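A short worksheet on the structure shown next.
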Amino acid sequence: MPVIKANAYGHGAVETARALIRQEVHHLAVFSIEEAIVLRQAGLDGSIVILGPCFPQQVENLIAYNLTPVVSDRSLLEVLAHAARSRRSPYPIHLKIETGMNRLGLTHNDLETLINKDTFPASLRLEGLMSHLADSDGDHCNETDLQIARFSKALTVVRNAGYDVPLVHLSNSAGIIRFPSAHYTMVRPGIMLYGYHTLPSTVPAPELQPVLSLMTRIAQLRLLRAGDRVSYNGTFIACRPTRIAVLPIGYADGLNRRLSNRGVVLLRGQRVPIVGLVCMDMVMVDVTTVPDAVVGDEVVVIGRQGGEKITAKDIADWTGTIPYEVLCAISPRVPRHYRHSS
């Protein structure tokens, strides 16, 4: 069940979903009902599972758009049961078990109470059981092994209560690679779909290829004299005659402001440094070493050019974060263009 929440980690949820469906994927996961409705309104059918919380006032839309909720508390179960009473067949739900993340999830006692055959709502059908790994990309396996054991215990409780749950899923991207025992009947690839993982270097991992490139173009070229200042607050001062390029991309587009005076981009196959503060809509780079650069030249922020490349992980390392945040930060106002392999 591919995870395409947060606009498919910045890649564009609708087109990503279409590409996955072409590969005969039957279940998709998003975080919110609002994200799922966007997919439905784009004409996408099939199972869409809502990983995040569902509030009582959202249940009407949930059912109207045929979305599958993940239930983490008893109060939602009661609201869903009431709303689904008039349907011809029981409405599918997944239960989420708390196994160590201490975020959303049912406790073991909650689970035992909910799955009592005498009290479980007849208008609902237990289609899935899930939890979430908190440390599958950590240096050690102890906590993950403990979570797997707790989840397996919960699954046994459910099966012993007489439920045949077809969709049992625990593993995220790191779990898929590192913990085969946690695959159950379904897995939830997230960041690995887009060509990244965050596993320690000591863990064998497949060679993944990033699928996204982020590019812009030179809007203007300027010649600076020694002593000229660049951008807000003049944090960059030219120490020699310097040629800079103005790029129409800024922190409103997802270019992290922490890249000010420290990040690089690619121009004509060379790395050129960001100078001055990243602005909301623009940024300046020093192109003195690329004398043939002209207005309109393509500039790569993430991706390959010539023999050089910059990845979301590189940017994450420069800014003290993770590739997830770098990708998810790419603003909806940035146009997306898709290339489909044959």
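In the set V157, V168, only one residue is on the phi < 0 side of the Ramachandran plot, part of a strand (DSSP E or B) and assigned by TED's automatic domain parsing to the domain that holds K96; that residue is V168. Just one of (1) out of contact with any Leu (no Cβ under 6 Å at 6 or more places or on another chain); (2) assigned to a loop (DSSP other than H, G, I, E, B) fails for V290. It is (1). Taking the stretch 61-91 as the range and being out of contact with any Ser or Thr (no Cβ under 9 Å at 6 or more places or on another chain), of a type in the set (D, E, K, R) and closer than 24 Å to L106 by Cβ as the test, the residues that pass are D73, E78. Pick from the stretch 83-102 the residues that are exposed (fewer than 11 other Cβ atoms within 10 Å of the Cβ) and of a type outside the set (G, A, S): which of them is farthest from G162 (Cα to Cα)? So the residue we want is N102. Determine whether the stretch 245-256 contains at least one residue that is assigned to a loop (DSSP other than H, G, I, E, B), out of contact with any His (no Cβ under 9 Å at 6 or more places or on another chain), on the phi > 0 side of the Ramachandran plot and crowded, with 20+ Cβ neighbours inside 10 Å. The answer is yes; a qualifying residue exists.
Mind listing just one residue for me: the one in the stretch 225-244 that is touching a Leu at 6+ places or on another chain (Cβ under 6 Å) and part of a loop (DSSP other than H, G, I, E, B) and, of those, farthest from V334 (Cα to Cα)? Residue satisfying both the conditions and the ranking: A238.
Contact map, the stretch 140-151: residues that are under 18 Å from P204 (Cα atoms) paired with residues that are buried (at least 16 other Cβ atoms within 10 Å of the Cβ), Cβ distance under 7 Å, separation 6+ or inter-chain. Pairs shown: T144/L133; T144/D135; T144/S136; T144/F179. Only a single item in (1) more than 30 Å from L111 (Cα to Cα); (2) in contact with a helix residue (DSSP H, G or I) (Cβ under 6 Å, 6 or more places away or on another chain); (3) among the hydrophobic types (A, V, I, L, M, F, W, C) is not met by L170, and it is number (1). Taking (1) assigned to a helix (DSSP H, G or I); (2) more than 19 Å from A36 (Cα to Cα); (3) not hydroxyl-bearing (S, T, Y) in turn, Q58 satisfies each apart from (2). Within the stretch 293-315, being among the charged types (D, E, K, R) and in contact with a Leu (Cβ under 7 Å, 6 or more places away or on another chain) holds for D297, E308. Could you please give the count of residues in the stretch 257-287 that are in contact with an Asp or Glu (Cβ under 8 Å, 6 or more places away or on another chain) and either outside any strand (DSSP E or B) or surrounded by fewer than 20 Cβ atoms within 10 Å (Cβ to Cβ) (or both)? Total satisfying the criteria: 6.
Being under 30 Å from T288 (Cβ atoms) and charged (D, E, K, R) is a property that holds for R217. Among all positions in the stretch 67-75, there is at least one residue which is modelled with pLDDT under 95, assigned to a helix (DSSP H, G or I) and out of contact with any strand residue (DSSP E or B) (no Cβ under 9 Å at 6 or more places or on another chain). Taking the criterion of being closer than 18 Å to H197 by Cβ and touching a helix residue (DSSP H, G or I) at 6+ places or on another chain (Cβ under 8 Å), the residues of the stretch 298-320 that qualify are I302, T311, A312, K313, I315, A316.
Filtering the stretch 212-236 to residues that are surrounded by 15 or more Cβ atoms within 10 Å (Cβ to Cβ) and either over 26 Å from the mean Cα position of the chain (by Cα) or aliphatic (A, V, I, L, M) (or both) leaves L212, L214, M215, I218, L224, D228, V230, S231, F236.
Applying the criterion of being within 16 Å of the chain's Cα centre (by Cα) and acidic (D, E) to the residues of the stretch 8-57, the residue that is surrounded by the fewest Cβ atoms within 10 Å (Cβ to Cβ) is E34. Residue count for the stretch 88-135 under the criterion of being of a type in the set (F, W, Y) and assigned to a loop (DSSP other than H, G, I, E, B): the result is 1. When we screen L76, L80, L62 for residues that are surrounded by 17 or more Cβ atoms within 10 Å (Cβ to Cβ) and farther than 19 Å from V165 by Cβ, the only hit is L62. The residues on offer are I249, I274, and the sole one that is without any contact (Cβ under 8 Å) to a residue 24 or more places away in the chain and under 21 Å from P323 (Cα atoms) is I274.
The values are calculated or read from the model by the stated rules, or taken from the named source; none is laboratory data. In this text the structure is predicted, and so the values were computed from the model without any measurement. Cβ: placed from backbone, ideal geometry, glycine included. Neighbour counts: every protein chain shown.
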